[in-house]
Amino acid sequence: KHIRPGANEKGSLAQVIAYGSTPDKKAAALELAAEEYGPVDWHRTVAGEVKKGYWVLDELKARQKTDLLADFRWRSLGDMTFDGKNTVKVKQKSSGIPNDPDEFFIASATPAKLSLTSQLDIGHGNRPGGYYIDYKYADRYTRVAKMRREAALKKGEVLRQAVFMGHQELPVTALGSNAWMAGTEYLAIAGNYTGNGIRFRGGKLFVSPS
């Protein structure tokens, strides 16, 4: 997240709001919050299934009337390519281990201006103590995928950014302003929703294959 408090505003440390997992530990969810962060209260929920895919849902609720610009930045080692629509492919150096995936996909289910950049990480190269020195899959640069959102929000209004990540490339679609699908088996809903044969009343709902 690239929203920063102004000089006269206080920042906020993130706090854990809720967490949980299925009994078999194959699926889990975690919600974090950074309240009074610049002009917004920011909540992030991460939910998904181990070794399959997961959602990252950001909700930015305006504490006052504001023209909001938010950059959602995803950093990774390896090469990044953009499909020209809404998905970034990350390809890292292969481990040589059979069935060990070396590709990862980051797909925005909400409209965002997407761009790719690189940055020289202080941990790269041959510097003493660099934290990638002994990691053979590292490149000199960290790749950065930036998803930009802009919105004019009234007090109490919420900007939502939904991203699906996984080793399999899946089409992502918006079912509404607060509901999204990845493929045909991954569903995310934030708040009350009725449509597409679904009726949900509550906080958040995440559905995965199992």
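The values are calculated or read from the model by the stated rules, or taken from the named source; none is laboratory data. Just so it is clear, the model here is predicted, and its values are computed rather than measured. Reconstructed Cβ throughout: ideal geometry from the backbone, glycine too, with neighbour counts over all protein chains shown. Note: areas computed on protein heavy atoms with side chains; ligands, DNA, RNA excluded. Shrake-Rupley method; radii C 1.70, N 1.55, O 1.52, S 1.80 Å.
By the rule of a C-alpha distance below 20 Å, with chain neighbours fewer than 8 residues away ignored, the aspartates and glutamates paired with residue 113 are 58, 59, 67, 71, 79, 83, 150, 169.
Note on the chain: with neighbouring protein chains present and a 1.4 Å probe, carbon and sulfur make up 50 percent of its accessible heavy-atom surface. 3J(HN,Hα) along the stretch 193-210: 8, 9, x, 6, x, 10, 9, 10, 10, x, x, 9, 10, 10, 10, 10, x, 9 Hz, from the Karplus curve 6.51 cos²θ - 1.76 cosθ + 1.60 with θ = phi - 60°, whole Hz, x for Gly and Pro. For volume of the Cα convex hull per residue in Å³, the candidate list reads (i) 158; (ii) 222; (iii) 181; the entry that matches the value derived from this model is (i).
Scalar couplings 3J(HN,Hα) for the stretch 183-190, obtained by applying the Karplus form with A = 6.51, B = -1.76, C = 1.60 to θ = phi - 60°, are x, 10, 10, 10, 10, 9, 9, 10 Hz; x denotes Gly and Pro. Annotation: per residue accessible area for the chain equals 58 Å², rounded to a whole number [probe 1.4 Å, protein chains only]. Among the listed pairs 91/136; 61/85; 51/89, those with a Cα-Cα distance over 25 Å are 61/85. Residues of the stretch 62-102 with amide nitrogen under 18 Å from the 7 Å Cα-to-Cβ point of residue 51? In the stretch 62-102, the label zone of residue 51 (backbone N under 18 Å from the point 7 Å along Cα→Cβ) covers 95-102.
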